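What follows is a short report on a single structure.
Only the coordinates and a few stated rules stand behind these numbers; no lab work does. Bear in mind that the values here come from a model prediction, so they are computed numbers and not experimental data. When we count neighbours, we look across all protein chains shown, and the Cβ atoms used for this are built from the backbone with ideal geometry, even at glycine.
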Ligand SMILES: NC(=O)c1ccc[n+]([C@@H]2O[C@H](COP(=O)([O-])OP(=O)(O)OC[C@H]3O[C@@H](n4cnc5c(N)ncnc54)[C@H](OP(=O)(O)O)[C@@H]3O)[C@@H](O)[C@H]2O)c1
């Protein structure tokens, strides 16, 4: 299902934590998708992802099985020339976002930046920090729909936690709720789809 969803979007976005931890491919592996691969986007405010020729996403792009990644960094952050060359050699590159290197990346600015480059739909895959920031009150308006796969597995303490912060002084009410919800069993998993209220 992940690959079908990827095929429906112009870009797949992850945070640098995921790029570092997983060395993800961020392409669509459905036969025939070669012509319409989504653009991999990595949010990396401090340009700390050590992308190299051996990185999976670069190898896939070189093999024509994916697009070159765009790495979104904060203005004023120095990028490594070698990494820049690796990205540009496969049609990717660094994109500079925002006004101040210390403020971090704001979703509105990131989405505008991508929109100006022809990206009309973004599938945000993770990880925890990126999803938590997007599901928070300030940013939830940018989200059109949400898909959660629930597997019969416990990650245990220290796993990646997806649950946005409460605002200061907020009581125990839900931080968010979906509407138009569907639950679809898929093998051993259940897929939950819905729309954030107010989006
Ligand atoms: N189960 C799944 O489907 C799934 C999917 C994807 C990832 N994962 C897992 O998630 C883990 C990584 O998650 P993570 O939470 O450590 O990292 P993450 O969410 O992938 O990346 C977080 C980093 O992204 C940067 N960032 C840029 N803009 C941001 C924003 N608006 N909000 C938050 N972060 C922003 C920050 O980098 P700086 O710290 O440099 O500022 C931040 O530390 C991995 O273990 C991976 O396997 C699971």
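Solvent-free Debye calculation, one equal scatterer per alpha-carbon of region 98-199: log10 I(q)/I(0) at 0.19 Å⁻¹ equals -1.18.
Over the Cα atoms of region 13-122, the radius of gyration divided by the Kirkwood radius equals 0.95; this is the Rg/Rh ratio. Put simply, the C-alpha atoms of region 152-193 give a gyration tensor, and the ellipsoid matching it has half-axes of 25, 18, 6 Å, longest first.
Within region 138-158, find all residues whose amide N lies under 11 Å from a label point positioned 7 Å from the Cα of residue 192 along Cα-to-beta-carbon. Backbone N within reach: 147-151. Annotation: the antiparallel percentage among DSSP beta bridges lying fully within the chain is about 40. Protection proxy ranking, highest mean first, for peptides 180-186, 191-197: 191-197, 180-186, where packing is the per-residue count of other beta-carbon atoms within 10 Å, averaged.
Ordering 116-125, 131-140, 60-69 by mean Cβ neighbour count within 10 Å, with the highest value first, yields 60-69, 131-140, 116-125.
Expressed as a fraction of 2.2 N^0.38 Å, the C-alpha radius of gyration for region 9-74 is 1.05.
In the chain, Cα pairs under 8 Å separated by at least six residues give a relative contact order of 18 percent. Look at where the Cα atoms of region 123-160 and of region 12-44 average out, and the two centres are 17 Å apart.
Computed extension length for residue 35-residue 53: 4.2 nm, one decimal, from 0.36 nm per residue of separation with the Cα-Cα distance subtracted.
Working note: Cα atoms of the chain, range along each principal axis, descending, whole Å: 49, 42, 35.
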